[in-house]
Amino acid sequence: MSTLVIAEHNNAELNAASYRAIAAGCAISDSVDVVVAGSGSQAVADTAASATGVNKVIHIDDAALAHQTAEAVADAVLSVAESYTHIVSAATTFGKNVSPRIAAKLDVMQISDITAVIDADTFERPIYAGNAIAKVKSNDAIKVITARSTAFDVMGESGSAEVTSADAPAYTAKSEFVGSELTESERPELTAASVVISGGRGMGNGENFVMLERIADKLGAAIGASRAAVDAGFVPNDYQVGQTGKIVAPELYIAVGISGAIQHLAGMKDSKVIVAINKDEEAPIFEVADYGLVADLFSVLPEIESKL
Amino acid sequence: MKVLVAIKRVVDPYVKIRVKDDESGIETANVKMSMNPFCEIAVEEAVRLKEKGAVEEIVAVTIGSAQCQETLRTALALGADRAIHVETDATVESLGVAKVLKALVDEEQPGLVIMGKQSIDTDNNQTGQMLAAMMDCPQATFVSEVTIDGDSLTAVREIDGGLETLKMSLPAVITTDLRLNEPRFASLPNIMKAKRKPLDTKPIADLGVDVTPRHEILSVSKPAERSAGIKVESVDELLDKLRNEAKVIE
């Protein structure tokens with residue numbers, strides 16, 4: 001039994017979620033290899049080799065893999081996947097894009113977004129926006145899996161795996177990368193941050209998020225938002241925490257002006273400590289908060305900032 | 001160009017679901033059912049592409065029991081031209097759904113397949129990608145903007161760090177994200193008109209694909225409950241609790 005983990009990266013750095021996918025792989029089997037498919041991505045392969053728990057890194061470097069299109073990455077992974085019983089990636093937009101394509105080519109039913117490993121065939125995964133947990137046994141010979149990052153702890157960087165190279169398969173481009181607009185931020189990445197402060201519709205407008213930013217700067221926090229705040233155009237979609245956005249589980253989650261719709265709770269209710277600040281004392285967010293403060297956020301936020 | 005839109009009937013998003021006491025699944029008897037919200041966005045996008053002249057015909061398809069025809073009628077009322085109901089009372093997993101859709105793609109030869117990025121019941125987020133792999137065609141998942149120019153499609157995708165734009169040749173499969181559009185409501189005259197639009201029913205066996213489930217659901221249980229904590233009276237009390245009780249800030 002052996003597991004292949006698909007590395008997520010930007011050709012320069014290994015994404016933090018990959019360490020968690022490696023941890024999920026280690027929970028499944030003793031032997032975990034990592035495949036790095038990229039272009040000019042030697043540094044990523046070297047980093048992956050130092051991740052705790054990794055046995056071997058397979059490095060596929062080809063210009064066709066520069067932009068990580070699903071078609072090219074799936075073909076590259078499949079070209080080295082033959083001997084593995086499990087193929088694991090993080091349940092990020094990258095993993096969700098690539099992994100089902102691999103599953104279909106192998107004629108297996110993917111096990112999506114697992115949060116626990118029961119045994120090599122059996123996993124837990126949330127359904128209905130986390131309002132139920134299904135225990136699922138796969139009868140496929142090869143298990144193709146995406147793992148929810150927040151459910152698996154990073155194991156560290158004490159590894160020294162060998163890096164081997166493999167040739168990319170012949171590939172006819174099916175799609176062309178035109179460009180990307182990535183949010184530039186000095187703050188920690190939302191899903192990796194130990195403190196997250198999120199704003200909802202109660203923030204009133206996008207300018208008021210500056211109040212959250214000032215607090216975030218003092219706490220080293222990432223900034224999130226509810227779907228309502230995103231739909232209202234206050235902040236970009238990649239701030240969204242919830243069933244259809246990002247799933248976070250920081251040490252401290254501060255929800256400001258967020259009522260607590262089921263779909264938002266699905267994205268943050270595994271946080272260690274939850275603080276809710278809302279002027280409506282009936283807001284459902286208080287039902288999951290460890291500490292609730294019923295108050296007007298516009299007077300409370302500057303006070304918090306000044307007292308930190 | 002013809003567009004195939006795959007839709008799913010699910011428990012209405014505003015219903016609070018109940019896990020059955022014997023942990024065999026979710027209570028669905030006498031529960032309001034609706035079209036999956038991401039599928040509504042898929043139908044709407046197809047209708048908008050038709051209104052722009054990029055699409056001539058919209059075929060809506062679903063797989064499931066006889067009641068799923070209601071969901072297809074909704075799609076017809078929203079602007080689909082005809083519907084295909086692949087009938088089965090069994091649970092069909094994403095892989096099986098993708099195989100059924102592939103069989104329909106072979107028959108219908110659409111230039112584009114549009115579907116939701118995930119259904120809000122099983123939350124798998126995989127059927128569109130699987131179909132694209134089976135069609136050996138390009139995919140654009142989680143799209144927030146679609147432009148068609150001749151036989152090429154440009155899609156803006158919502159990815160973890162922001163947005164990504166891809167250009168691809170048709171046929172292709174796209175899956176919708178929330179911000180692609182805001183679906184319209186069906187008007188009463190259109191609901192009446194939809195009753196006369198063609199709706200074909202095919203037994204799933206006629207498509208000749210193997211949809212045997214690969215997964216066994218051993219149990220469906222309630223998630224660990226998180227209990228409400230305390231209300232604090234002031235910022236000072238809050239910060240004191242966070243520093244000295246929870247010890248999560250300094």
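What follows draws every value from the coordinates through simple rules; no lab data is involved. None of these values were measured; they are calculated from a predicted model. We place every Cβ from the backbone using ideal geometry, glycine too, and count neighbours over all the protein chains shown.
What to note about this one:
- In terms of its C-alpha gyration tensor, region A:52-103 comes out rounded, because the ratio a/c of the largest to the smallest axis stays below 1.5.
- Shielding by other protein chains, B:127-139, mean Cβ within 10 Å: 6
- Whole-Hz couplings from phi, Karplus 6.51/-1.76/1.60, listed for region A:246-259; x for Gly and Pro: 9, 9, 10, 8, x, 5, 9, 10, 10, 9, 10, x, 10, 6
- Dipole orientation for the protein assembly as shown: of the candidates A:Ile28, A:Thr93, B:His215, B:His215 has the Cα lying most toward the positive pole (charges on Cβ; Lys, Arg +1; Asp, Glu -1).
- For region B:130-218: rounded, prolate or oblate by the Cα gyration tensor [a/c cutoff 1.5]: oblate
- Placing dummy labels 7 Å off each Cα toward the beta-carbon, the span from B:Asp106 to B:Asp21 is 4.8 nm.
- Cα centre as origin, Lys/Arg/Asp/Glu Cβ charges: chain B dipole, Debye: 680
- Dipole check for chain A: with +1 at the C-beta of Lys and Arg, -1 at the C-beta of Asp and Glu, and the Cα centre as origin, the magnitude is about 580 Debye.
- Spin-label model, A:Val210 to A:Ser185: label points 7 Å out along the Cα-to-beta-carbon direction sit 1.9 nm apart.
- Trypsin sites (Lys or Arg not before Pro) within region B:154-250: DSSP coil, no more than 16 neighbouring Cβ in 10 Å: B:Arg184, B:Lys195, B:Arg196, B:Arg226, B:Lys247
- Pairs from the table (A:Lys137/B:Lys241; A:Lys279/B:Lys20; B:Lys2/B:Lys193; B:Lys50/B:Lys117) lying more than 32 angstrom apart at Cα are A:Lys137/B:Lys241; A:Lys279/B:Lys20.
- Here's how it looks for A:Ser180: its modeled amide H is under 5 Å from those of B:Thr165, which are all 5 or more places away or on a different chain.
- Counting only DSSP H runs of at least 4 residues, each contributing -39500 (n - 2.57), and dividing by the residue count of the protein assembly as shown, the helix-based mean residue ellipticity at 222 nm comes to -7500 deg cm²/dmol.
- Between A:Ala37 and A:Ala7, A:Ile60, the built amide H atoms are under 5 Å apart, and every one of these is 5 or more places off in sequence or on another chain.
- Rounded FRET efficiency, nearest 0.05, which uses the C-beta distance separating A:Ala116 from B:Glu250 and R0 of 30 Å: 0.40
- Neighbours of B:Thr71 by Cβ distance under 11 Å: Lys/Arg scored +1, Asp/Glu scored -1, total +1.
- Rounded if a/c under 1.5, otherwise prolate or oblate - the protein assembly as shown, Cα gyration tensor axes: oblate
- For B:Thr141, the residues whose modelled amide H falls within less than 5 Å of its own, excluding neighbours fewer than 5 places apart on the same chain, are B:Thr175.
- Counting, for every residue in A:102-109, the Cβ atoms of other protein chains within 10 Å of its Cβ and taking the mean gives 6.
- Over region A:1-137: Rg over Rh, Cα atoms, Kirkwood Rh: 0.95
- Simple Cβ-charge dipole of region A:29-162, Lys/Arg +1 and Asp/Glu -1, about Cα centre, in debye nearest 20: 500
- Which of B:Gly162, B:Pro198, B:Val232, positive extreme of dipole for the protein assembly as shown (C-beta unit charges): B:Pro198
- Chain lengthening between B:Asp12 and B:Glu57 when straightened (0.36 nm per residue, less Cα-Cα): 13.4 nm
- Dipole axis of chain A (+1 Lys, Arg; -1 Asp, Glu on Cβ), positive-most option in A:Ala37, A:Ala7, A:Asn131: A:Asn131
- Sequence of A:Glu282, A:Glu157 once ranked by neighbouring C-beta atoms within 10 Å, starting from the fewest: A:Glu282, A:Glu157
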